Amino acid sequence: MLQIQTWKRVVIWGLVVLGLVFALPNGFYSRVEGHNDAVVAIENGGETPELAAARDAWPAWMPSGLMNLGLDLRGGAHLLAEVRVEDVYADRINGYWPELRNVLRDERAVVGTIRRQPSAPDVLRVKISQPDGMARALELVRGLASPVQTLAGVGSTDIEVSGAGDILTLTLSEAERLATDVRTLQQSLEIIRRRVDEVGTREPTIQRQGERRILIQVPGIGSAEELKALIGTTAKLTFHPVVGRTSDSTVAAGARNILVPSLDEPGVFYILERTPVVNGEDLVDAQPAFDQNGAPAVNFRFNPTGARKFGDYTAENIGSPFAIVLDNEVISAPTIRDHISGGSGIISGSYSVEESTKLAILLRAGALPAEMTFLEERTIGPELGQDSIDAGKIAAIVAGISVLVFMGLSYGLFGLIANVALIINVAMIFGLLSMIGATLTLPGIAGIVLTVGMAVDANVLIFERIREELKTARGPARAIELGYEKALSAIIDANITTFITAVILFIMGSGPVRGFAVTLGLGIMTSVFTAIFVTRLIIVMWFERRRPKTIEV
Amino acid sequence: MRLKLVPSETSFDFFKASKVTFGLSILAMIFSAVVFFSAGLNFGIDFKGGTTIRTESTQVLDVGIYRDALQPLELGDVTITQVFDPTFAEDQNVAMVRFEAQVGDESIAAETVIAVQSALRSVDPVVSFPSVESVGPKVSGELVKTAILAVIAAISAVLFYIWLRFEWQFALGAVAALVHDIVLTIGIFALFQIPFDLAIIAALLTIVGYSLNDTVVVFDRVRENLRKFKKMDLRGVLNLSINDTLSRTVMTSVTTLLALIALLVLGGDVIRGFIFAMTWGVIVGTYSSVFVATNILLYLGVKRDWSKPDANAGNQFANVDA
């Protein structure tokens, strides 16, 4: 009758204490946050007295995990971006044109002259003047294909080549497109992460969502516009030979040329060779600097390959201009005065200091492989977040106190025991949330408050059952035992069904809905634990000390 | 002296007026459907696409002036509503400005947002914009689909679980109660044109969970009493079970409502719609588990020959012990 083995008691109290200890840092939020920041700062940049003081404000042996506050509580920006993977297909196809031209040119006797035909951006169409040579041309072009290295695309090659009449068509294979998508997404994620990290904000969330979307949440940033400016810029830097300069935007640029507008001279266009001499991928460093006139500029340095290409080109073309192109705009087109051999250079335009700093960050982080379309953007101001925290706090305290009072009035001593369990329960939810580093959102607070309401349910079920059993059972100990035993199946069934909905919310929801699902799910687990184990243990301990002849529930 | 909302012994006949209660539920559902199809839901930007801007100003707010300021921008459907909340300070005047996604926009036009903000600033120089949210039409369509799928998935998962643990009649009864709760909740959102956004879907699913919780507790007692009183007719067993659990049903609803009402009044306007849905859901959920689920069970009848000998022996949780 009413016995609980010692080891079980130890485990139960141990779990409770563990939950409380992990929840504790949240009670000293700013102090612990300061401690965590100081620890990171000391690791990165050495110790200063202020940092050491901030670090020592919270003992190192205590857990220092905090619940992250969601955007709706802290303020910040949220973006959902779709990566235009088709851009990369077009780039790839363009990359094949010189290769294809080279192999076919060697066999001019068989295939005749070759000419690129206008087509969709992800298709390369080439006309050969001797249709009889098509078989040989196909054979040669197919030789350019290389195998795709993905799990799904075993045995397939990256391009598909077909011929009809005198037109040869080259497209990317399905396997290659999939592989490209994956690669593009990974690159984009990596570059966005680098750019966001360079700005140095706290706990940004950068996640892949679905096939080609990226979710970016940055707390503490002023607005979604600011974030978009930072990550939305492709920052594709290339250096092209200049063919000519014009003020006519409709002029035909010529076969292998492109027409690019100037950044700071309105109405001026440059005709450039399509194939760049060097591009941003060869950049190793970019730093904000000042040019010889004292205007803000960006210093950059090439890797050895880039430096060699750039050096060779400048040596051969002294006296002719070349263009620095950033995101399809000519930043400047200086004339080459000398052989530039060091592999470094300077970009000057009409920049402000901030703009040059930002451009340096963008160039350093690398170019995005493709452009992005923004499907969703949200900005939440920090004041609104603070208001929500304040309102949530007051509401949670009022809700808690009214439930505690109500339980005490309804069940007396047993109600008080349930109240102790309820407080432990909430503390454990906070402890678990901190332990897994979950993010607390406004609906999350609602989830916790709802759990407070529902957590008493299990105890209510048990207490009501004990009341019933008291009428028939022999003695209070037996009634308590039967009460727990018989209420169990209802508690389990009821909580599993709620848990199922929490899981579905988690799987299908996003953002704040997920935060709500997490707190609801954890709340169900802790409330079942506290209701079944903790209250029972407290009641048994009380019973052992007092040995009451009758009890009133 | 204990506070008792329900006397310890009750013997109400919950089926005496079953025509009235059940009829009332059906009428309410029909009414909800009519309102839903005639007035429609006031979908938020999550589902419709568009932009909401929250404005805050120390100046006295006049929705008309705001509307006039935005008139020249030709944004199409613009809604401006003033927000009132007990947690606001004396001179805190808040409004929500919502406009639809502009024709031809695949993504979000930042210029439109800036234009709206400067137009508002021109009539109210001290206005600030604590939050700006935009959802493109492409995402919003997907969100609707996911939301509907989520509700269907939740209901089917639960249907399956109850069928596993009880009998199919119980599962149907529980699901009828769920559908009742969801329809009535959607109905009240359509009736009062409360903005319906993604968080409301979360609230709906929570209602599903809560209502089930209630229903399952009653059903659990029905199952137990069916075994205990093999001679009693089904109506008697159902009545007895509801009476047995009535005190608990009321207690739990009251504690949950206490918590929810505290949030509803003091939790701020940002989550008011969400909390309102849950509060309403708890009320109809409690009602439906007493009056709807059991009525369906009575109508369908249940297999009385439970081959399992005792309430706990066949129960997989019989050996769970502290």
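Could you list, in sequence order, the residues of region A:218-236 that are over 22 Å from A:I331 (Cβ atoms) and in a helix (DSSP H, G or I)?
Scanning region A:218-236 gives A:A224, A:E225, A:E226, A:L227.
Looking at B:V132, B:V113, B:V60, which one is part of a strand (DSSP E or B), at pLDDT 85 or above and among the hydrophobic types (A, V, I, L, M, F, W, C)?
B:V132
In region A:421-436, is there at least one residue being more than 12 Å from chain B (Cβ to nearest Cβ) and part of a strand (DSSP E or B)?
no
Yes/no per residue for (1) among the polar types (S, T, N, Q); (2) more than 28 Å from A:D132 (Cα to Cα); (3) over 32 Å from the mean Cα position of the chain (by Cα); (4) at pLDDT 85 or above:
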residue: A:R55; (1), (2), (3), (4): no, yes, no, no
residue: A:M67; (1), (2), (3), (4): no, yes, no, no
residue: A:A77; (1), (2), (3), (4): no, yes, no, yes
residue: A:A90; (1), (2), (3), (4): no, yes, no, no
residue: A:R101; (1), (2), (3), (4): no, no, yes, no
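Of the residues B:A259, B:A277, only one is buried (at least 22 other Cβ atoms within 10 Å of the Cβ) and under 24 Å from B:L5 (Cα atoms); which?
B:A259
Of the numbered conditions (1) at pLDDT below 90; (2) of a type in the set (D, E, K, R); (3) within 15 Å of B:V116 (Cα to Cα), B:E90 fails exactly one; give the number of that condition.
Single failed check for B:E90: (3).
So for region B:237-249 (the condition being surrounded by 20 or more Cβ atoms within 10 Å (Cβ to Cβ), part of a helix (DSSP H, G or I), within 9 Å of chain A (Cβ to nearest Cβ) and in contact with a Leu (Cβ under 6 Å, 6 or more places away or on another chain)), does at least one residue qualify?
Yes - at least one qualifying residue is present in region B:237-249.
Kindly indicate whether A:E198 is over 16 Å from A:L71 (Cα atoms), away from chain B (no Cβ under 14 Å), of a type in the set (D, E) and out of contact with any Gly (no Cβ under 7 Å at 6 or more places or on another chain).
yes
Any idea which of (1) of a type outside the set (K, R); (2) in contact with a Leu (Cβ under 8 Å, 6 or more places away or on another chain); (3) over 30 Å from A:F463 (Cβ atoms) is the one B:F15 doesn't satisfy?
Looking at each condition in turn, B:F15 falls short on (3).
From the list B:I188, B:I201, which residue is in a helix (DSSP H, G or I), more than 10 Å from chain A (Cβ to nearest Cβ) and under 16 Å from B:A277 (Cβ atoms)?
B:I188
Mind checking which residues of region A:538-552 are away from chain B (no Cβ under 13 Å) and either surrounded by fewer than 11 Cβ atoms within 10 Å (Cβ to Cβ) or part of a loop (DSSP other than H, G, I, E, B) (or both)?
Correct list: A:R545, A:R546, A:R547, A:P548, A:K549, A:T550.
Filter region B:121-150 for residues that are of a type in the set (V, I, T) and facing chain A (nearest Cβ under 7 Å); which is surrounded by the fewest Cβ atoms within 10 Å (Cβ to Cβ)?
B:T146
Sort through A:P296, A:P288, A:P321 and tell me the only one that's modelled with pLDDT of 80 or more and out of contact with any helix residue (DSSP H, G or I) (no Cβ under 6 Å at 6 or more places or on another chain).
A:P321
Taking only region A:339-355 into account, find how many residues are among the hydroxyl-bearing types (S, T, Y) and either in contact with a Gly (Cβ under 9 Å, 6 or more places away or on another chain) or without any contact (Cβ under 8 Å) to a residue 12 or more places away in the chain (or both).
Matching residues across region A:339-355 total 1.
For region A:29-61, name all the residues that are in contact (Cβ under 8 Å) with a residue 12 or more places away in the chain, assigned to a helix (DSSP H, G or I), among the aliphatic types (A, V, I, L, M) and closer than 21 Å to A:S434 by Cβ.
Listed by number, the residues that qualify are A:V32, A:A38, A:V39, A:A54.
Name, by its number, the condition in (1) surrounded by 13 or more Cβ atoms within 10 Å (Cβ to Cβ); (2) free of Cβ contacts under 8 Å to residues at least 40 places away in the same chain; (3) over 28 Å from B:I271 (Cβ atoms) that does not hold for B:Q71.
Result: B:Q71 passes all but (1).
Please indicate, with yes or no, whether at least one residue in region B:94-109 is touching a Lys or Arg at 6+ places or on another chain (Cβ under 7 Å), under 22 Å from A:P382 (Cβ atoms) and within 13 Å of chain A (Cβ to nearest Cβ).
Yes: region B:94-109 contains one or more residues that are touching a Lys or Arg at 6+ places or on another chain (Cβ under 7 Å), under 22 Å from A:P382 (Cβ atoms) and within 13 Å of chain A (Cβ to nearest Cβ).
Return yes or no: is A:I12 in contact with a Phe, Trp or Tyr (Cβ under 6 Å, 6 or more places away or on another chain), surrounded by 15 or more Cβ atoms within 10 Å (Cβ to Cβ) and over 30 Å from B:P130 (Cα atoms)?
It is true that A:I12 is in contact with a Phe, Trp or Tyr (Cβ under 6 Å, 6 or more places away or on another chain), surrounded by 15 or more Cβ atoms within 10 Å (Cβ to Cβ) and over 30 Å from B:P130 (Cα atoms).
Within region B:214-223, can you find the residues that are in contact with a helix residue (DSSP H, G or I) (Cβ under 6 Å, 6 or more places away or on another chain) and touching a residue at least 24 places away in the same chain (Cβ under 8 Å)?
Hits for region B:214-223 are B:D214, B:T215, B:V216, B:V217, B:V218, B:F219, B:R221, B:V222.
For region B:286-322, name all the residues that are of a type in the set (V, I, T) and at pLDDT below 70.
B:V320
This table checks each residue for (1) without any contact (Cβ under 8 Å) to a residue 24 or more places away in the chain; (2) surrounded by fewer than 17 Cβ atoms within 10 Å (Cβ to Cβ).
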position	(1), (2)
A:P219	no, no
A:Q292	yes, yes
A:F310	no, no
A:N317	no, yes
A:F322	no, no
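Take A:I397 and decide whether it is assigned to a helix (DSSP H, G or I) and either modelled with pLDDT of 90 or more or surrounded by fewer than 24 Cβ atoms within 10 Å (Cβ to Cβ) (or both).
Considered against the rule, which asks whether it is assigned to a helix (DSSP H, G or I) and either modelled with pLDDT of 90 or more or surrounded by fewer than 24 Cβ atoms within 10 Å (Cβ to Cβ) (or both), A:I397 comes out as yes.
Going through region B:263-277 one residue at a time, which ones are in a helix (DSSP H, G or I), closer than 18 Å to A:L520 by Cα and within 7 Å of another protein chain (Cβ to nearest Cβ)?
Matches in region B:263-277: B:L263, B:F274, B:I275.
Being within 9 Å of chain A (Cβ to nearest Cβ) and hydrophobic (A, V, I, L, M, F, W, C): is that true of B:A176 here?
It is false that B:A176 is within 9 Å of chain A (Cβ to nearest Cβ) and hydrophobic (A, V, I, L, M, F, W, C).
Going through B:A157, B:A153, B:A171 one at a time, which residue ends up being among the small types (G, A, S) and more than 7 Å from chain A (Cβ to nearest Cβ)?
Among B:A157, B:A153, B:A171, only B:A171 is among the small types (G, A, S) and more than 7 Å from chain A (Cβ to nearest Cβ).
Identify the single condition in (1) touching a residue at least 12 places away in the same chain (Cβ under 8 Å); (2) facing chain A (nearest Cβ under 8 Å); (3) small (G, A, S) that B:A259 does not satisfy, given that it satisfies every other one.
Among (1) touching a residue at least 12 places away in the same chain (Cβ under 8 Å); (2) facing chain A (nearest Cβ under 8 Å); (3) small (G, A, S), the lone unmet condition for B:A259 is (1).
Could you check how many residues of region A:370-414 are small (G, A, S), touching a Gly at 6+ places or on another chain (Cβ under 7 Å) and facing chain B (nearest Cβ under 7 Å)?
Residues that pass the stated criteria total 5.
Give me the residue from region A:464-515 that is facing chain B (nearest Cβ under 7 Å) and among the β-branched types (V, I, T) and, out of that set, surrounded by the most Cβ atoms within 10 Å (Cβ to Cβ).
A:T501
The values are calculated or read from the model by the stated rules, or taken from the named source; none is laboratory data. Just so it is clear, the structure is predicted and the values come from calculations on it, not from any experiment. Reconstructed Cβ throughout: ideal geometry from the backbone, glycine too, with neighbour counts over all protein chains shown.
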